[in-house]
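Report on the structure given below.
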Protein chains: 2
Amino acid sequence: MKPNFEKLNGLIPAVIQDYKTNKVLMVGFMNKQAYQKTLATKRVYYFSRTRKKLWKKGEQSGHIQKVEQILVDCDQDCLILKVAVDAGQCHVGYQSCFYRVLEKGSDKELKFIAEKIYDPKEVYKQQHYE
Amino acid sequence: MKPNFEKLNGLIPAVIQDYKTNKVLMVGFMNKQAYQKTLATKRVYYFSRTRKKLWKKGEQSGHIQKVEQILVDCDQDCLILKVAVDAGQCHVGYQSCFYRVLEKGSDKELKFIAEKIYDPKEVYKQQHYE
C-alpha cells in the first residue's frame, strides 16, 4: 500500500477512533514520515500544519495513542486509526476534540455535549500545546 | 461558528459517521459553499479536489446522506457529520470506504474486511463516479 500524499500537499487526514467505543477522538494530518513512524512504533505521529514539524501524540501530555488497527479508504488517501487511549485526548481537556454540536443544525449556536475530564493547565507546561 | 477554511487551502475535512452505528463511512472535503449548502439542505455536499467542483453525495447514485447531527472540533477546522444513509456509501460498492485493514499493522498487505453490497456499474452511468 502506498498512501497518496499528493492530493493534499504531502499530507493525508487520519481519523482517530477509540477502538473499543468507535468514538471519533480527533482528526490529524500525517506526512510520509509521520505515517512511517506510526507504523514502525505503533504509536500515532502527526505532522503539525502550524508548527511545520513531526509530533508524537502524547509527547507533552503523556496521552499517547496506541495503534490497534489501521484502515485505509478506497482511494488510499485517508486512514482510520483505531487506538487504545487513556482519558483526555483533546488538548482543551475533553476526551474527544468533538465536544460541541451545531444546535438545531445551524452554526449560530454551539451546544456542549461533554464535560472536561482533566485540566489542560496541569498537563501542558509549555506554551505550545500539542 | 465560523469554520476555519484557511489551514487547508479553503477546505475542511468532514468525517461521515453513520448516526446509528458510529461506523465511519467516508471522509470528504468541504469548501465554504459545500458547508453552507449542507447546513441549508440537511444533505451532504462536498468539494471535489479532483474535479474542482461542488457535488452532492448521491447525485448520481441516489445514495444521499441525510444530516442528523453536526459536531465541530476544538479548532473549528474539522467536522463530524452523523448521517442517515441507505446501504452502499462507497463508490466501489461497499457500505464504507474503509473496507480494508493493514494486515498486522504493515502496509505490505491489505486485508478486506467487508463484502460488496451493490454493483457500482449498475449505479454509476457516467464515467466519473462521485
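The values are calculated or read from the model by the stated rules, or taken from the named source; none is laboratory data. Nothing here was measured: the structure is a model prediction, and the numbers come from that model. Here the Cβ positions follow ideal geometry from the backbone for every residue, glycine too, while neighbour counts run over all protein chains shown. We work out accessible area using only protein heavy atoms, side chains counted, and drop any ligands, DNA or RNA first. Shrake-Rupley method; radii C 1.70, N 1.55, O 1.52, S 1.80 Å.
Overview of values
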| read-out | value |
| --- | --- |
| Condition broken by B:LYS108, with the remaining ones in (1) loosely packed, with under 14 Cβ neighbours inside 10 Å; (2) at pLDDT below 90 satisfied | (2) |
| Test: residue in the range B:98-114 that is under 13 Å from the mean Cα position of the chain (by Cα) and either of a type in the set (Ser, Thr, Tyr) or on the phi < 0 side of the Ramachandran plot (or both) | yes |
| The range B:1-21, residues that are open to solvent by 40 Å² or more (accessible area, probe 1.4 Å), touching a residue at least 12 places away in the same chain (Cβ under 8 Å) and not charged (D, E, K, R) | B:ASN4, B:TYR19 |
| Residue in the range A:28-47 that is touching a residue at least 60 places away in the same chain (Cβ under 8 Å) and either facing chain B (nearest Cβ under 10 Å) or surrounded by 15 or more Cβ atoms within 10 Å (Cβ to Cβ) (or both) present | no |
| Test for B:ALA114: is it of a type in the set (A, V, I, L, M) and in contact with an Asp or Glu (Cβ under 7 Å, 6 or more places away or on another chain) | no |
| So A:LEU54, is it touching a helix residue (DSSP H, G or I) at 6+ places or on another chain (Cβ under 6 Å), at pLDDT 95 or above and either open to solvent by less than 40 Å² (accessible area, probe 1.4 Å) or of a type in the set (A, V, I, L, M, F, W, C) (or both) | yes |
| In the range A:63-98, the residues that are at pLDDT 95 or above, facing chain B (nearest Cβ under 8 Å) and crowded, with 21+ Cβ neighbours inside 10 Å | A:ILE70, A:LEU71, A:VAL72, A:ASP73, A:CYS78, A:ILE80, A:CYS97, A:PHE98 |
| Boolean, A:ASP86 is acidic (Asp, Glu), out of contact with any Phe, Trp or Tyr (no Cβ under 9 Å at 6 or more places or on another chain) and within 20 Å of B:ASP107 (Cα to Cα) | no |
